[in-house]
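Participant: Below are the structure tokens for one structure; questions will follow.
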Amino acid sequence: MKNMLVTGGYGFIGTNFIQYLLEESDYGGRIINVDNLTYAANPQNLAHLARRFSDRYVFIHANICSRETMAEVFDRFHIDTICHFAAESHVDRSIVQPDAFMHTNILGTFTLLELARERKARIELFHHISTDEVFGSLGDEGYFDEQTAYKPNSPYSASKAASDHLVRAYHTTYGIPVTISTCSNNYGPYQFPEKLIPLMIINARDYKPLPVYGDGRNVRDWLFVLDHCTAIWRIMKQGKRGETYAIGGNNELENIALVEMICDIVDERKRETARGPRQELITFVADRPGHDRRYAIDATKIRTHLNWKPMESFQTGIRKTVTWYLENRQWIDHIQSGEYQRWIETNYTRRGEV
């Protein structure tokens, strides 16, 4: 793995993964980060690393659906490994505008697989990052694992399910060395502010309403993003080709309990007794269509086969996350003001430049 293509490296998980590879892992090769710089991408996330690791890190502004551009990337940088994060990922947006999800998540994955197939002799691995949402919704008991049947309930999860099937098919049909990981909900630094945890932290900080869908009893299994990154790298190095690995944080929590916990931590950090406890800001709103009731992952396979387990409990991880958002107000304000998009438009005007 000398020349690794990381797609979507300026998104939330991609940013953390590149940072982990360069600063903490044993990876010694080069990273080529391809990102189309859509609304949730922020090049400034990795600006400090681009300077420090200028001999091992390259950024290319490109759309993974552009076969011509991506072929040039594959050949110019002698790509031998692909770690594929790039995806439209926000469920609410997929309900309103599903076409973008079909285009990026399905066609984009197909384009990369075709380019890998054409260069099969030098491809060491195509690792595809998926989600537990492809499995649908759980009842009060049971867990998702690698044998769970697919039953996606949103345009987002359906598009990810389709891309999973493509990756598996290219391994079976063409012999492309692949691994797939399905993960539970990630949280941590650099997550776009529209997502549940950063939204609640930011609103609680500013004493704004905290909107909670339905009755707040939907359950998610939370995974700290750095734990996810270590799991991905473990799979890429040691995972059996053609296999899927489920990555979970073993942190099931109802949404309402999560929001209450965030309120309490922000209250501790920013004491404003005159304004009352932040739990009073919780506001229940109409549930979204097709809202899955519960997700939970059984991570036995990766734990027993690859000796991986998460290092953060939710109690430790959420405190680190709240602290990061409270201490990085400039990063948040930069995104919410639209300044970072104007900065992108100024600095990256030639789409597809290689």
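The values are calculated or read from the model by the stated rules, or taken from the named source; none is laboratory data. Note that the structure is a prediction, hence the values are computed from the model and not measured. With ideal geometry, Cβ positions are generated from the backbone for all residues, glycine too; neighbour counts draw on all protein chains shown.
Participant: Among what's in segment 121-155 and is among the polar types (S, T, N, Q) and in a strand (DSSP E or B), pick the residue that is modelled with the highest pLDDT. Please lay out each step first, then the result.
Facilitator: Going residue by residue through segment 121-155, those that are among the polar types (S, T, N, Q) are 130-131, 137, 147-148, 153-154.
If we keep only those that are in a strand (DSSP E or B) too, we end up with 130-131.
On the way: SER130: 97, THR131: 94.
The extreme case among them is SER130.
Participant: May I ask you to verify whether LEU138 is out of contact with any helix residue (DSSP H, G or I) (no Cβ under 7 Å at 6 or more places or on another chain) and not β-branched (Val, Ile, Thr)?
Facilitator: So LEU138 passes the test.
Participant: Further question on the same structure: Across segment 107-142, what is the total count of residues that are surrounded by 20 or more Cβ atoms within 10 Å (Cβ to Cβ), more than 16 Å from ASN218 (Cβ to Cβ), in contact with an Asp or Glu (Cβ under 8 Å, 6 or more places away or on another chain) and not aliphatic (A, V, I, L, M)?
Facilitator: Here the count works out to 2.
Participant: Which condition number in (1) under 24 Å from GLY290 (Cα atoms); (2) in contact with a Lys or Arg (Cβ under 7 Å, 6 or more places away or on another chain) is the one that ASP267 fails?
Facilitator: Here ASP267 clears every test but (1).
Participant: Something else now. Against the condition modelled with pLDDT of 90 or more and farther than 19 Å from SER157 by Cα, how does PHE53 come out, does it pass?
Facilitator: Considered against the rule, which asks whether it is modelled with pLDDT of 90 or more and farther than 19 Å from SER157 by Cα, PHE53 comes out as yes.
Participant: When you check THR111 against the structure, is it in contact with a Cys (Cβ under 6 Å, 6 or more places away or on another chain) and assigned to a helix (DSSP H, G or I), yes or no?
Facilitator: Working: in contact with a Cys (Cβ under 6 Å, 6 or more places away or on another chain): yes; assigned to a helix (DSSP H, G or I): yes.
When the stated conditions are applied, THR111 passes them.
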